[in-house]
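The values are calculated or read from the model by the stated rules, or taken from the named source; none is laboratory data. Computed from a predicted structure; not experimentally measured. So basically every Cβ, Gly included, is an ideal-geometry build from the backbone, and we count neighbours across all protein chains shown. Only protein heavy atoms, including side chains, enter the accessible area calculation; ligands, DNA and RNA are left aside. Shrake-Rupley method; radii C 1.70, N 1.55, O 1.52, S 1.80 Å.
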Amino acid sequence: MAGKLTQRFAKSSRKPARDSGKVKTRKAPSNKRIAKPPRDTQIKRDEKKQGLNVVGANELKWKSVEIPDTMDDFGGFYGLEEIDGVDVKVVDGKVQFFTSDESNIKRPESEDQGSNGEVEHSDDQEMEDLVEFKDFDDIEEGELSAASSNGEDSGDTSDSNLTLERSEKEVKKKQGHNDDESEAETSDDGMEGGSADGGLDADVELESNVFGAELSIPDEVEPDLLPHWTETMNLSMTTLQGLAAQGFTKPTDIQSMTIPPALEGKDIMGKASTGSGKTLAYGIPILERLVADKTTVKTTGLIFTPTRELAHQVTQHLQKLACAIFKNSPYAIVSLTGGLSIQKQERLLKYDGCARIVVATPGRFLELLERDPILIDRFSQTDCLVLDEVDRLLQDGHFEEFEKILKHLGKARNMKKKVKSEFAGTGWQTMVFSATFSVDLFNKLSTTSWKKVGGGKDEDEMELSLKHLMTKIHFRSKPVIIDADPNHKIHSKIKESLIECLPTERDLFAYYFLSVYPGSTLIFCNAIDSVKKLNAYLNFLEVSSFQIHSSMTQKNRLKNLEKFQQNVISNKGEGKATVLIASDVAARGLDIPGINHVVHYHLPRSADVYIHRSGRTARGEQEGVSVMICSPQEAMGPLRKLRKVLASKSAKRHGKKWQKDVPVFPIEPSILSQLRERGSIANTLAEDQLATRSLSKDENWLKKAADDLGIELDSEDEQKDIILAKNKFKKQNKQVGKVQLKSLQYELKELLQQPIRKDLRKSYLTGGLTNLADDIVKNRGHSTIIGHDKLEALDLLKKKNRK
Ligand SMILES: Nc1ncnc2c1ncn2[C@@H]1O[C@H](COP(=O)(O)OP(=O)(O)OP(=O)(O)O)[C@@H](O)[C@H]1O
């Protein structure tokens, strides 16, 4: 019987591989899931006899489904389309549509029709339907099996989980949503989102995978090409190819200490500094298991991360490692996170060969398990469980979700054990990792009493943390404890420093730092409001600045990460700063290549956050700078505590003063004074911009609420609500009139055109102490400050440390 079909219309704008002919020439994999044409044709003929038209998805006249504005969980529903009077059948794993109602079919005038009225499909058309289906979130069974099991081309490999859904955006636009300003996912402070980059084009798609890069994979790797790997561990050719493709010639400390026991199946508790390669320390053992497990299609490894970005990044990292076998299988290693369509993820998980390794955030993973018990069964058979950034995963909020996940999977696993002995295992291998295990680090820096949490004074920090972990995670036995860098809490390649200033001058000092030390800088703020304000401020000062915080939509977060990275490359040659301003959503795990400086606009609330934030620089073999902007009040309390917690054991033993631990960053007053005026105007403009946006949002919200309630709103109602009125008044106070706005903008423009000079000296091109002309010709001087040396913040701090 014909029913009502509902389809999620979410075409990727990426060009499918159809043109290349690769899809057409795809061969069936060994499990023969590709549709068999003869039977297919027979069914079409039978249906025709019954007066039914067999049509492609593209030829149906889908109608948009109205979604009520009040539905807040729009992630999976915007862009829904439906149709009546169409029957759908799966024939040999291929979806077919049948309808007797001609009005359901789009008929372009030029289209050829066969004598019986059936649309003749060319081969190309059929292929288009197949590709379209993948993009509709509905994936052809044979196609996926083919892609994932034999590694042949499955079309556009860039269509990963990061793919954006155009129609979703279009519908949102129609409904008056600005992407950058929509969706408060886990809003810390209840504030609205803001323009990500002061006018980011909402139609811009992600052009590349944010964390991805093209690799050239060697066909074979002679073991003696990677002796550092092959001499100490027995790795498959697949892994060696992945390592060689990325140029990783030797394991990092945490990798050489972790991989051998992990390959033996031991549970691991691993600690190593930020940026030291922990992802591959657990990724390689999982890949080795997967390569050895040729017969099954089960999920070999289940990896949990606390943030979505980190899950996507880990996925990319493992995809690169496994490039030799999964080069063209974008779904073999997948991330399951919130912020992206749950329906798509559910469909994906139904196919054999997909999700051999899963990287998930606990919230979305639990949601998926609770919607489909079959998934509980499937994931309970996994071999290996990893908790990346375990200390964060087990903190409030996440832990309840994680505990439920463990309960579901554990129960299913035990049941299997009783019923079918071949499924019985001794439990999965568990590996947990972080750069911060010490309980001390988690104490809030702002608390007045400084208490050491934990047991005896001399008890090892890792042992203490393990006790804590053992109560939460069920290891099979006591795990192997690995501490790759017991003497350092902060990565030894990070040079720390401190800028003291008044709380109201943070913006100015941040601008100073960026002006004198251009490069790629990641600035962390404690509040989303501050992220938005600083972003607007820097944009007015013509600094390339982007923002990322938890009240932005997931895709805008990823988009801004991508834009930041693109700008880092283009600005580098010109000696200009590129800035990413972030809330702590970006503090953990993110591996953004080439960050030169991390600036703590506010001191973080705990020492572990400080370590993770700072660790966004000095990744892998690189060095980096971490600068704290600190008010006198912060210096008295939180900073003191922070330095005490971070002090190395030897410094503590020698009674070294915490103040000497971190050098003060040198500031040149003459340069600062030249930045003051422009900074002040930018500040007024930024406040005006944010207040105006916020007021217009409030107004829309009030109007909508009144409409929903069917009441008429007049300005007196607003006046009566004291909080509303106060808020409005506060914001209005920050606005400047149109005329003043124009004049300020003009003034700022003029100021920005004036060059900044070292020591406010009148410098002459060929005279004076510095020969500017010579500097310019030899590209020696500072790119924006006349008469100033080109100096890296890192070199400056190294010199200072030596002194
Ligand atoms: N053996 C290796 N040789 C060279 N570079 C490596 C090696 N292993 C990993 N890397 C690189 O080092 C960087 C940091 O790796 P990774 O993200 O795994 O660090 P991490 O220890 O997990 O950091 P965090 O604690 O901040 O999450 C990455 O860019 C990665 O590609």
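Just a few scattered comments:
- Entries in Lys493/Lys800; Lys728/Lys749; Lys266/Lys478; Lys704/Lys738 that, when Cα-Cα distance is taken, lie over 18 Å: Lys728/Lys749; Lys704/Lys738
- When the C-alpha to C-alpha distance is required to be over 22 Å, the pairs from Lys271/Lys467; Lys327/Lys563; Lys298/Lys344 that qualify are Lys327/Lys563.
- Computed E for Ile374/Ser743 - FRET, C-beta separation, R0 41 angstrom, nearest 0.05: 0.05
- Restriction of the GluC sites (Glu not before Pro) in the stretch 613-643 to DSSP coil positions whose beta-carbon has at most 11 other beta-carbons within 10 angstrom yields Glu621.
- Separation of the stretch 585-637 from the stretch 286-361 is 30 Å, based on Cα centroids.
- Entry note: the stretch 489-666 has Rg to Rh equal to 0.96, where both radii use alpha-carbon atoms and Rh is the Kirkwood radius.
- Solvent accessible area, Å² - Glu264, 1.4 Å probe, full protein context: 130
- Probe 1.4 Å - accessible area at Arg506, Å² to nearest ten: 20
- Where the Cα pairs of the stretch 247-328 fall when distances are cut into 10 Å bins, in %: 16, 50, 32, 3
- Largest-first ordering by accessible area, 1.4 Å probe, given options Lys738, Lys350, Lys800: Lys738, Lys350, Lys800
- Under 5 Å from the amide H of Val359 lie the amide H atoms of Ile303, Val334, Ser335, Leu336, each residue being 5 or more positions distant or on a separate chain, with H modelled from the backbone and absent for Pro and chain starts.
- The charge dipole of the stretch 489-666, taken about the Cα centre with unit charges on the Cβ atoms of Lys, Arg (+1) and Asp, Glu (-1), comes to about 800 debye, rounded to the nearest 20.
- Cα→Cβ-extended label distance, 7 Å offset, between Asp795 and Lys697, nm: 4.3
- Comparing Ser530, His491, Leu514 along the charge dipole axis of the stretch 489-666, the residue lying farthest to the positive side is His491, per the Cβ-charge model.
- With 18 Å as the limit on Cα-Cα distance, the pairs of Lys294/Lys407; Lys533/Lys555; Lys641/Lys799; Lys532/Lys559 that go past it are Lys294/Lys407; Lys533/Lys555; Lys641/Lys799.
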